[in-house]
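The block underneath contains the structure these notes are about, expressed in structure tokens.
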Amino acid sequence: MQRQTVICGSSPKVRLRSVPGDLRLSGWERDEISAKTNGDLLELLGNEGGFDLSCDDDLILSVPITAELTIESVGGDADLRGLNGLCQVEQIGGDFVGRNIGSFRTQNVGGNLSLRGVAGDVSAANVGGDASLRAAQANISLLAVGGDLHLRGASGNLSASVGGDAVLYLEPRPEAEITLTAGGDILLRLPPDADARLELQGGGSDSIHVNLPGITFDEQAWSGQITLGEGRARINLVAGGEITVTSQAEEWQSAAEFDFDMDFDFDMDFPNLPADLSGRIEREVEYAARQAERARERAEAARQRAQQKAREAERRIQAKVNARVGRWGMDWSGTIPRPPRPPAPPSEPVSDEERLTILRMLAEKKITAEEAEKLLAALE
């Protein structure tokens, strides 16, 4: 184990060059920088204006609360708490947790991003997992979030693009600009007295659901606009799936239960971590596995029902063709006489499903265009 402590100014610039393992960083009231690692290498160099630090293992670091921090590379997870200055992060290989910090910027987070109580602006790009933010009152920019977004208690400008679902509780201040694009569903909760203009675009018809007092909305539409109050804040939502806008706490709470809150421990003396952390993680993993299995079973049942319907439609088509066209599938009308047939019993009307089945057989090249025309004509 290596330890170093140096005297510094009240607002030093601290640059972490390389932390191959996990990082735990906290602010304190002392004009000192204290570093500890389980590895064999710990370099802390500089003067009162700026310090460079690197190590070869996990790192515990304490700095003045007003320090300006730059993190170049952390191979594992990172946990930062109690910092008032600007924090810039270039590369985090695992998860990032920030609690009660100042402005925050990051370019790459391989895992999840979790922020609570950020005093300044937030700018994050290229987040491989989910992003969760609470009590972030300033401006927020989240670009290229691969997973889901969970945002609570935001009132400033928001610009975000996520690959999964987005669950938002916004309290937009006047003139706020909010733009969100999600590959999945969007659930937005607004206060009953919200003053905003909403532009909504869902993934298809019947994809937009609005539950706001005094507001009616055509839920068959793909897109639409809603004005609340004077419409001073602007909210633009685009979803690949469904959009739900509500002022009801119950709808929000059911989705808010899926929020995540990350904490992690090193094999060192970290205080204030929950004693049941491993149990919480295990329960969350088991719950997610159960949800995934139920979704797989529902999808398999739907696939089997669709196949059964297609087989039944094909059997009905074949029966009608045999009855109307003849044993050999040919129309003998012409110069060759044929004995009269008794009148055929009335047949069932041709369904759209049968027509679609013929067109699908044509698309799959099971029949030719001429044979498809004959089949359609025979069915009619």
*Return the pairs, sorted by first residue and then second, in which the second residue is in a strand (DSSP E or B) and not polar (S, T, N, Q), the first residue lies in the range 98-126 and is free of Cβ contacts under 8 Å to residues at least 12 places away in the same chain, the beta carbons are less than 6 Å apart, and the residues are 6+ apart or on different chains.*
none
*Unique residue being among the small types (Gly, Ala, Ser) and closer than 18 Å to Ser247 by Cβ when the list is Gly146, Gly129, Gly184, Gly153*: Gly153
*Residue in the range 167-174 that is closer than 20 Å to Gly240 by Cβ, assigned by TED's automatic domain parsing to the domain that holds Thr244 and of a type in the set (Asp, Glu) present*: no
_Report every pair of residues separated by at least 6 positions or lying on different chains whose Cβ atoms are under 9 Å apart, first residue within the range 222-245 and outside the structural domain of Pro191 (by TED's automatic domain parsing), second surrounded by 15 or more Cβ atoms within 10 Å (Cβ to Cβ)._
none
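Among the listed residues Arg15, Arg3, Arg30, which satisfies the condition of being in contact with a Gly (Cβ under 8 Å, 6 or more places away or on another chain) and not assigned by TED's automatic domain parsing to the domain that holds Ile101?
Details: Arg3 fails: in contact with a Gly (Cβ under 8 Å, 6 or more places away or on another chain); Arg30 fails: in contact with a Gly (Cβ under 8 Å, 6 or more places away or on another chain).
The conditions single out Arg15.
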*Any chance Gly214 is without any contact (Cβ under 8 Å) to a residue 12 or more places away in the chain and surrounded by fewer than 17 Cβ atoms within 10 Å (Cβ to Cβ)*: yes
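How about the range 70-91: which of its residues are within 9 Å of Gly27 (Cβ to Cβ) and touching a Leu at 6+ places or on another chain (Cβ under 7 Å)? Talk me through it step by step, then tell me what you get.
Taking the range 70-91 first, the residues within 9 Å of Gly27 (Cβ to Cβ) are 80-85.
Within the range 70-91, Leu80, Leu83, Gly85 meet the criteria.
Could you please find all residues in the range 152-166 being within 11 Å of Asp130 (Cβ to Cβ) and either part of a strand (DSSP E or B) or not charged (D, E, K, R) (or both)? Working first, answer last.
Just the residues of the range 152-166 that are within 11 Å of Asp130 (Cβ to Cβ), to begin with: 162-166.
Val162, Gly163, Gly164, Ala166, listed by residue number.
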*Scan of the range 75-102 for residues that are touching a Cys at 6+ places or on another chain (Cβ under 7 Å) and assigned to a loop (DSSP other than H, G, I, E, B), ordered by number*: Gly102
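Restricting the range 1-48 to residues that are part of a strand (DSSP E or B) and acidic (Asp, Glu), which is nearest to Cys87 (Cα to Cα)? Lay out the reasoning, then the answer.
Looking only at the range 1-48, we keep the residues that are part of a strand (DSSP E or B), and these are 2-7, 13-19, 23-28, 32-37, 42-46.
Then drop every residue that is not acidic (Asp, Glu), which leaves 32, 43.
Working: Glu32: 18, Glu43: 21 Å.
Within the range 1-48, the match that is nearest to Cys87 (Cα to Cα) is Glu32.
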*Go through the range 163-208 and give me each residue that's more than 21 Å from Ala249 (Cα to Cα) and of a type in the set (D, E, K, R).*
Glu175, Glu177, Glu199, Asp206
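Could you pull out the residue among Ser62, Ser54 that is surrounded by fewer than 22 Cβ atoms within 10 Å (Cβ to Cβ), part of a strand (DSSP E or B) and at pLDDT 95 or above?
Working: Ser54 fails: at pLDDT 95 or above.
The match here is Ser62.
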*Could you give me the residue pairs with C-beta distances under 7 Å whose first residue belongs to the range 62-75 and is among the charged types (D, E, K, R), whose second residue is in a loop (DSSP other than H, G, I, E, B) wherever it lies, and which are 6+ apart or on separate chains?*
Glu68/Ser11; Glu68/Gly85; Glu68/Leu86; Glu72/Glu90; Glu72/Gln91
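The values are calculated or read from the model by the stated rules, or taken from the named source; none is laboratory data. These numbers come from a predicted model, not from an experiment. Positions of Cβ are backbone-derived with ideal geometry, glycine not excepted, and every protein chain shown enters the neighbour counts.
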